[in-house]
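These notes concern the structure reproduced below.
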Amino acid sequence: MWSVTDLIIPAFFLVWFVASVFAQFKNSKVRGYDYLGILPSFRFFAPRPVTRDIRVFAKGITENKNESAWKELFYADKKWYCFAWNAQHKLRKAVIDIYSDFDAFRESPTIWHVTFPYLIILNAANAIFENSMEFTRVQFMITCFAGHEESTHDIIFLSNEHEIGRVSG
Amino acid sequence: MILYFYRMNMRLEEFLVNERLILSIAASLTAISMIINDLEWISLRSHFKRTGIFSWDSRKARVASLLGAKSVPALTLLFKFPNILFLFVFRVLCCIALLAFLGNYFLMGVLCIFISGISIIISIRGNEGTTGADSMAVITIATAAFCLTSQVPFVWKAGLTFIGCQLALAYATAGWLRIVQPTWRSGADLLLVLRQVTYGNKMVWNYLVNRPKMAMVTSMAILLFECSAPFVLFMPVYLVIAYLCIGLFFHISNAIFMGLNTFFWAFGATYLPFLWLSVQINLIVF
């Protein structure tokens, strides 16, 4: 004897699959209802791949406008055993994800400093210099480069200068 | 090789009528993917601190805007450092228990419920750094949670059909969206991917960049493999097995050359449901 749940579960799978199909379209409205984060994105490198690697740097600025050297945030290298263990990939992927989220705001200087991706990077940049009392302000930049082809970095975004926040106690 | 698969097909017929066993194997392979994944997250624990790229401090405002400010205190308790690490540890323990209880379908189903729940909770925190392998892993484990706790064969079959269709969707989406791009068909975009430190491989890029025809053939082979996934479901079983062997080779190559290590386990876990589905389609259609 079948119960109602025996039919609900297959019906749920059907709805989930149909929603998954619609979720593959760019700017799909279905994603707006994906509160559980269960709709996959299978667009791997489609339609065009990310063409360049991204690195983020930050520098500290003193009261007298002296500047520190640029320091890399979220440094991640690739080991030979990455086929089995590749924790650093998560860092690199996170940087790409954050940059992708931020890209939409790059042409909006009036609001970019209050966007979440901007604040995530600023938070990390702030942390590098918060213990160095000589620095009062911090700035970060996002660069891209052609991976294994050449190491010349192009600056694709330079942040505003921000006062360094320090946690008391 | 085809004859070998043809003979194997004879024994497979007996194996493929045990839907719960197939679901439990899929869940177990997914558990391996999740164990690797979670241990990697735990190894990045310093980045979950207040000052890190995965810090809760810089995410709670976003979560508040999505779920409302009232949810933040409770979620802070779950997601702040080091509590978030306990979620990863708990998921690892559930996955290990899942592997240990292979064969006890109901208990595996209950563990899958826990794993699915933790996965959904963690995804609320933010998905930066996650990949398609994570999505596929959640799909498989959540499906197993529903099916393994059920006693009804129709539910098991629906679950296997769902997972098989998701694999076909995954490959077809990636394949068809790219094959219409001339830069993918020419191999130029494949070279762009291989050039990157994040996804590429210097040795393979150096080799292919001077051999554009080979780059084109490689790129087209990958695209045709992915595009054909939905059609393969309608092919004879021994051809489906050959197709899935190519798929395993594809994911092993991706792991070695691109560092996509968890894709092998997460996508490999869906291969048996895909094979099961193709057998059912063959039975019904032919």
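Each reported figure results from applying straightforward, stated rules to the coordinates on display, with no laboratory input. Please read these numbers as outputs of a predicted model, since none were measured by experiment. Don't worry about glycine lacking a Cβ; one is built from the backbone with ideal geometry, like all the others, and counts go over all protein chains shown.
Just tell me, in residue order, which DSSP H segments of chain A are both 18 angstrom or longer along the helix axis (alpha-carbon based) and at least 0.0 in mean Kyte-Doolittle hydropathy. Helices passing the filter in chain A: A:4-23, A:116-129. Neighbouring Cβ atoms from other chains, within 10 Å of the Cβ of residues in B:170-181, number 5 on average.
DSSP H helices in chain B with Cα extent of 18 Å or more along the helix axis and mean Kyte-Doolittle hydropathy at least 1.0?
In chain B, the long hydrophobic H runs are B:19-43, B:83-100, B:105-125, B:132-148, B:212-227, B:237-253, B:271-285.
Along the axis of the charge dipole computed for the stretch B:20-151 (Cβ charges of +1 for Lys and Arg, -1 for Asp and Glu, origin at the Cα centre), the listed residues B:Ala137, B:Leu111, B:Leu77 are led at the positive end by B:Leu77. Taken as Cα centroids, the stretch A:80-157 and the stretch B:33-106 sit 22 Å apart, rounded to the nearest whole angstrom. Between B:Leu67, B:Leu44, B:Leu87, the Gaussian network model of chain B with springs among Cα atoms under 10 angstrom shows the greatest mean-square fluctuation at B:Leu67.
Sorted on the mean count of surrounding Cβ atoms within 10 Å across their residues, most packed first, peptides A:96-105, A:3-12 read A:96-105, A:3-12. Peptide B:154-165 has a mean of 4 when you count, residue by residue, the C-beta atoms of other protein chains within 10 Å of its C-beta.
Is there a simple number for the mean count of other chain Cβ atoms within 10 Å of the Cβ of residues in B:128-140, and what is it? Walk me through the numbers on the way to the answer.
Details: counts 12, 11, 6, 6, 5, 0, 2, 8, 2, 0, 4, 6, 0.
Average per residue, whole number: 5.
Take the residue pairs A:Lys93/B:Lys49; A:Lys79/B:Lys202; A:Lys59/B:Lys80; A:Lys59/B:Lys60; A:Lys26/B:Lys70 and return only those whose Cα atoms are more than 20 Å apart.
A:Lys59/B:Lys80; A:Lys59/B:Lys60; A:Lys26/B:Lys70
The sum of -39500 (n - 2.57) across all DSSP H runs of n ≥ 4, divided by the residue count of the protein assembly as shown, sets its helix-only mean residue ellipticity at 222 nm to -19000 deg cm²/dmol.
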